Every structure is written in structure tokens, then in C-alpha cells.
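**Q** Would you mind keeping the following structure in view while I ask a few things?
What follows draws every value from the coordinates through simple rules; no lab data is involved. Everything numeric in this text was worked out from a predicted model, so none of it was measured. Quick reminder, even Gly has a Cβ in these numbers, built from the backbone with ideal geometry, and neighbours come from all protein chains shown.
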Amino acid sequence: MKILYVTSEAVPFCKTGGLADVAGSLPPALAEQGAEVAVVLPLYERVRDRFGSQLNFECYDYVDLAWRHSYCGLFSMEKDGVTWYFLDNEQYFSRGTLYGQADDGERFAFFSRAVVRMMDHFKFWPEVVHCNDWQSALVPIYLKDDGVREDRYRSIKTVVTIHNIEYQGRYNPYVLGELFGLDAGWAKDGTILLDGDANLLKGAILCADAVNAVSPTYANELKMPYFAHRMEGVMRQCSNKLSGVLNGIDMKLYDPRTDGRILKNFSLEDMAGKDDCKAELQRMVGLREEPHTPIVAMVSRLVSHKGLDLICEVLHDMMELPMQLVVLGTGDQRYEEFFHWAAQQYPGRMSVRMDYNEDLSMAIYAGADLFLMPSKSEPCGLSQMIAMRYGTVPIVRETGGLKDTVQPCESWRDAGNGFSFANYSSGDMLHVIREAVYLYKDYPDVFSRLRQRAMSCDFSWARSAREYLRIYATITGQAWPIPTDTRRAAEMPAEEPAPVEESAPVEEPAPAEEPVPVEEPVPAEEPAPVEEPVSAEEPVPAEEPAPAEEPAPVEEPVPAEEPAPVEDKPARKPRKTAAKTAKKSEKSEKKTEKKTTAKKGTAGKKKSAE
């Protein structure tokens with residue numbers, strides 16, 4: 001299977017958020033599963049500066065976008081079994097930052113248009129084009145637009161992954177032709193129009209063959225107004241092609257046994273290094289070196305949807321607990337000012353760093369005891385997975401990927417891998433933090449087992465890659481080999497109906513199921529008398545004598561057969577009773593034994609049909 005992965009950022013080349021982590025890890029995982037994968041992204045200035053010497057120039061071409069006719073260079077490199085392509089245009093991509101420019105709409109429209117135009121120069125013609133967020137949302141639209149004129153584009157299937165639906169790429173619809181080179185009909189028929197704006201993400205969702213969110217819970221949340229940011233109607237409309245695939249992390253990169261970015265390595269078998277990392281963290285951020293006091297940590301953007309309002313409400317109550325707090329991140333000014341002020345109120349017990357430092361973040365993951373993520377919404381979240389990998393137990397709100405990855409602790413039966421609360425409530429959050437802190441303080445053995453369960457979780461990309469390959473196979477109609485573990489899981493339910501099929505030709509289960517509703521008037525297991533009226537139903541006047549015949553089989557034969565209550569042979573009782581009934585009917589009706597037996601067989605079939 002040939003897959004072209006389109007992204008606006010990817011680790012290790014450039015990163016601003018979780019999309020880069022996904023784009024840097026998923027394509028190699030797909031390649032390990034046997035797919036042929038290429039990734040294409042813009043050649044930003046920072047990429048050229050860091051990796052320019054490793055890039056190979058392939059060719060150049062010109063890309064038409066509305067009235068523009070612009071140069072586009074193609075560079076490539078091989079890494080991790082994947083071909084990485086970079087599209088070059090200094091006018092659009094030689095910028096200090098990846099996003100936040102006044103002409104972002106034009107920049108990424110050129111990028112999307114160039115992806116389609118430069119396919120002729122890639123080493124394979126893709127069967128699936130996988131796009132991500134609004135920056136590449138025009139690719140499925142351009143493929144549909146070009147497919148009207150060129151047949152070769154019709155064979156390409158498209159997938160769109162929504163990493164955060166809050167960012168949709170909304171523009172004035174009157175610039176549809178001038179900016180994006182699209183006919184006004186795309187807006188008039190509603191494909192790309194939402195709330196009076198040209199909405200690129202909406203157009204991609206409607207045009208794509210499959211849509212997926214970055215966690216199963218987030219996929220369901222996208223159908224709700226609270227999470228969908230005005231797109232709930234579109235998501236419900238496309239629910240038949242919507243799925244949720246949980247992101248993973250690089251298990252080799254984030255491995256406490258070998259990670260060179262932390263002070264001392266440790267593992268499930270030997271946790272001594274965790275204590276050293278904790279002491280080092282306390283020295284780095286100015287906390288008191290108290291080995292038996294739990295450190296609660298946050299590594300996050302300081303914005304509203306991360307749940308910081310909850311912390312602001314109960315921070316003083318939190319600091320009354322026997323705990324320390326460390327916060328790392330930048331964001332909205334009001335949150336930065338609040339945490340800066342709070343740190344001054346609790347010297348030695350609370351530390352705040354208003355920046356992002358990779359070394360410090362890894363020191364926090366390795367040295368903290370609890371990791372707090374009270375998010376209002378969280379499509380997937382990677383921090384809780386990384387924290388668990390390093391034995392830092394998460395405290396999360398049950399939303400999006402946080403709910404899918406963190407199971408609440410049940411200490412009475414040694415279950416769960418973290419702590420969670422459902423309602424967006426500061427009181428609920430405080431209650432769970434208090435529970436976690438006192439479990440650490442009062443029951444160290446229980447907390448140690450909880451930590452071990454968290455470290456044992458599998459968040460590898462191999463699991464996610466198999467789910468994506470299933471999506472690709474579905475939309476392309478290709479048969480993709482089922483992995484061994486998936487095959488075993490698929491075979492489990494298939495084995496259950498097997499014994500039913502063996503007994504089906506004998507038709508024994510069918511009458512066994514019918515007596516179930518009939519047993520209401522007849523106590524215990526007495527399906528045998530039930531069939532007597534069946535044979536008596538043929539001669540209509542014989543319906544009344546039927547009750548008189550019921551005691552006959554019940555008197556002696558039934559107790560004799562009751563010692564064999566095995567349900568596998570329910571049909572033998574009715575057969576024996578039916579034989580005796582046939583003899584009685586033979587005397588009363590003066591018919592031959594063969595005819596009576598034949599009628600009895602016909603009556604039994606009628607009963608099964610009813």
C-alpha cells in the first residue's frame with residue numbers, strides 16, 4: 001500500500017505542538033508494518049538551517065494558484081524507512097515562525113496546491129493521501145476539483161485527521177477564487193461554507209473518504225456542540241466515516257532505562273534512579289529537598305482549555321496538602337501573572353518557570369510523583385503517556401484521550417493506572433488530588449504498585465499504525481494482512497457460534513428455545529407436555545381432551561426423565577412422550593402406526609416453525 005502523509009510540521013524537523021510528534025512517529029510505524037510511506041511538508045527556514053546538508057535536490061516545477069504562477073522546489077531525504085519530501089518556496093516558507101503570519105491562508109493554500117502538483121515527481125503515485133488539520137485541508141478539495149478533469153486523481157483516496165477542531169481555517173468566502181483558486185460553486189453548494197465563512201476543514205471533512213480523530217472519546221465528543229466549535233452538524237453528518245484512533249508515543253525515545261536526557265536511568269525492576277531524579281528536580285527548581293513529599297507537576301501551555309481556571313480556584317487549598325507543585329509553560333498573560341504571584345506565596349514549596357525547556361521538562365517527567373492535567377478538552381494528550389512511562393502517575397479529567405489512556409485507581413483491588421475526575425469542577429479536582437497525595441504518603445506500597453502499572457502501559461505507535469492501516473484498507477478495498485494479535489482477537493468471537501452450527505441441522509436448539517416462553521404457565525422443565533397439545537391441534541375437537549392427557553405423561557415418565565436435566569438433549573423427552581401419545585391416538589382414531597408417526601412428525605415441524 002502506497003501512502004502519502006501530508007503535514008505542516010514533523011519531529012525532528014520542526015515542531016510547535018502534538019501534530020509534529022504524530023507526524024514524526026506514525027509514518028515510520030506504518031513503514032514497519034509493511035506499507036510504502038512518504039511524508040511531505042514545507043521546507044521552512046529552520047529545517048533548511050538544521051538539515052540542509054542532508055537534503056537531496058530532486059527537481060523543481062511551477063505551481064498555479066489562482067492568478068499566481070510560483071516556483072516550487074522538491075528536496076528529499078531517507079529516514080526511518082520513510083521518504084521525506086520538502087517543498088521549497090522562500091516567499092512562503094522562509095519565515096521565522098511556522099504559523100501566525102498574516103498570509104497563512106495563502107501560504108498553506110500554495111502548500112496544498114503544490115502537494116497535488118508535485119505528485120508526478122514523487123517516487124510513487126499514492127493510493128492514499130493522509131492529511132492533517134486545516135493547513136493541508138485543501139488537498140482533498142483540490143483532488144476532487146482536479147479529478148473532474150483528470151482521471152488519474154480519481155483513484156486516490158483521502159483521509160483527514162482532526163487533531164484539534166478548534167482550528168478550522170476560516171476565511172472570507174469572497175476570496176475563494178482570488179486566494180485559493182476555487183470556483184464560487186464550492187461555497188454556493190455549501191461544501192466549503194459554514195456560518196458565512198469559507199471553512200477549509202469542513203470542506204476537507206466532506207470531501208475525504210475517511211475522517212478520524214486522535215482518540216475514540218474525542219471522536220464521539222466532536223458530535224457535541226460543547227466540543228465541536230460549531231461543527232457538530234458536519235461531524236454527525238459524516239459519522240459513517242468518522243473513527244477515533246488513539247495516538248501513541250515513541251517508546252524508544254521515552255524510555256527511562258536508556259534516556260540520556262535524565263539524571264539517572266531507572267526501570268520497573270530498579271526504581272532507585274527515580275529518587276535521584278526527584279532530588280535533582282527539587283534542586284533545579286528551588287524546592288525543598290524532601291524525599292517523602294510528593295511533587296505534583298504540570299507541563300502545559302497556560303491557556304483556558306487546559307483547565308487552569310480550576311487550579312486558580314483552589315490553589316490555596318492544594319498547597320495546604322503535604323505536597324510540592326512545579327509548573328512549566330507559557331501562555332495567556334493572566335495565567336502567567338497568577339502563577340508568578342502564587343509561587344511567591346509558597347517559596348520552597350511551589351516553583352513556576354515561564355518558558356519551555358526540553359531538559360527541564362524531561363527532568364519533571366522523570367522526577368515528579370504526580371502529573372496534573374485537568375483539561376476542559378483534550379483531543380488526545382501525550383504528556384500523560386510520557387509521564388506514565390517515567391513512573392509519574394497522572395491526575396486527569398475524563399475527556400478526550402485522557403479518558404482513553406488513564407483508568408482511575410481502585411486500590412482495594414490493585415486496578416487502574418492513575419487518578420481521574422469526570423465533572424469540570426475544582427472541588428472534584430481537589431478531592432482527587434487529596435486522594436492521590438495521601439495514598440502516596442500513607443500507603444507507599446499501594447502507590448508503588450500503582451506506579452508500576454502506569455509504567456507497564458503500552459502506548460507504542462505499532463498499535464495505532466494497525467488501526468490506520470485498517471482504515472486505509474477499508475477505503476481502498478484492499479485486503480491488508482491482519483497482525484497476529486489482532487487475528488487472535490478476531491478469532492475469539494468466531495469460535496463461539498461454531499458449536500451452534502453443528503447442532504443446527506438437527507434442529508434441536510430451535511425447540512429448546514421455544515419452551516422458554518411457554519414455561520411461564522408450566523413450572524420447572526416440562527417442555528414434553530407442551531408438545532402434546534401440538535399433536536392434538538390437528539383435530540380441532542381434540543383441543544379439550546388435551547388437558548386430560550397431560551397427567552398421563554406427568555405421572556410416571558416425567559420423574560423418570562428428570563434425573564437427566566442435561567439441556568443438550570431436550571428433544572429426546574418430547575420424542576418419547578410423543579410415541580406414547582401416538583399409541584393412544586392410534587386406538588382412538590383407528591389409524592395405522594406409520595400414519596400416526598408421520599402426522600406426529602408434521603406436528604413437530606409446525607411447532608418449530610411457529
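**Q** Roughly how big is the range 272-458's charge dipole about its Cα centre, with Cβ charges of +1 (Lys, Arg) and -1 (Asp, Glu), in debye to the nearest 20?
**A** Details: 19 positive and 26 negative charges, 31 e Å.
Value, rounded to 20: 140 debye.
**Q** Once label points are set 7 Å from the Cα along Cα→Cβ at both Ala422 and Glu32, what is their separation, rounded to one decimal in nm?
**A** Between Ala422 and Glu32, the simple spin-label model gives 3.6 nm.
**Q** Subtract the Cα-Cα distance of Trp480 and Arg334 from 0.36 nm times their separation in residues, and report this length gain in nm to one decimal.
**A** Numbers: separation 146, 0.36 × 146 = 52.56 nm, distance 5.12 nm.
Stretched out fully, the Trp480 to Arg334 stretch lengthens by 47.4 nm.
**Q** Let me ask you something else. Can you tell me how much longer the chain between Lys15 and Tyr167 gets when fully stretched, taken as 0.36 nm per residue apart minus their C-alpha distance, in nm with one decimal? Please report the intermediate quantities before stating the final value.
**A** Working: separation 152, 0.36 × 152 = 54.72 nm, distance 1.67 nm.
That pair, Lys15 and Tyr167, stretches by 53.0 nm at full extension.
**Q** Take every Cα pair under 8 Å in the range 2-244 that's 6+ residues apart, average their separations, divide by the length, and report that relative contact order as a whole percent.
**A** On the way: 433 pairs, mean separation 39.1, N = 243.
Relative CO of the range 2-244 lands at 16 percent.
**Q** Place the peptides 296-302, 262-268 in order of packing, highest mean first, counting for every residue the other Cβ atoms within 10 Å and averaging per peptide. It would help to have the intermediate numbers written out before the result.
**A** Values: 296-302: 22.0, 262-268: 17.3.
Packing order, densest peptide first, comes out as 296-302, 262-268.
**Q** Can you put Thr293, Thr16 in order of Cβ neighbours within 10 angstrom, beginning with the fewest?
**A** Details: Thr293 19, Thr16 12.
Arranged by neighbour count, lowest to highest, Thr293, Thr16 become Thr16, Thr293.
**Q** Let me test this: with uniform point scatterers at the alpha carbons of the range 194-262, what is the Debye-based log₁₀ I(q)/I(0) at q = 0.16, 0.19, 0.28 1/Å?
**A** -0.61, -0.74, -1.29
**Q** Once you place label points 7 Å from the Cα toward the Cβ at Asn56 and Lys441, how far apart are they in nm?
**A** In this crude label model, Asn56 to Lys441 measures out at 6.2 nm.
**Q** Once you have a ≥ b ≥ c as the square roots of the Cα gyration tensor eigenvalues for the range 272-458, tell me rounded if a/c is under 1.5, and otherwise prolate or oblate according to whether a/b is larger than b/c.
**A** The shape class here is rounded.
**Q** If you don't mind, there's one more thing I want to ask. Assigning unit charges at the beta carbon (Lys, Arg +1; Asp, Glu -1) and nothing else, what dipole magnitude in debye, to the nearest 20, does the range 33-131 show about its Cα centre?
**A** Working: 10 positive and 15 negative charges, 36 e Å.
Dipole about the Cα centre, nearest 20: 180 debye.
**Q** Further, regarding this structure: Rounded, prolate or oblate: which fits the range 315-375 when a ≥ b ≥ c are the square roots of the eigenvalues of the alpha-carbon gyration tensor, with rounded for a/c under 1.5 and prolate only if a/b beats b/c? If you can, show how the numbers build up before the last one.
**A** On the way: a/c = 1.60, a/b = 1.08, b/c = 1.47.
Cα axes put the range 315-375 in the oblate bin.
**Q** Right, something else. I need the calculated FRET efficiency for the pair Thr97 and Asp151, taking r as the beta carbon distance and R₀ as 41 Å, to the nearest 0.05.
**A** 0.55
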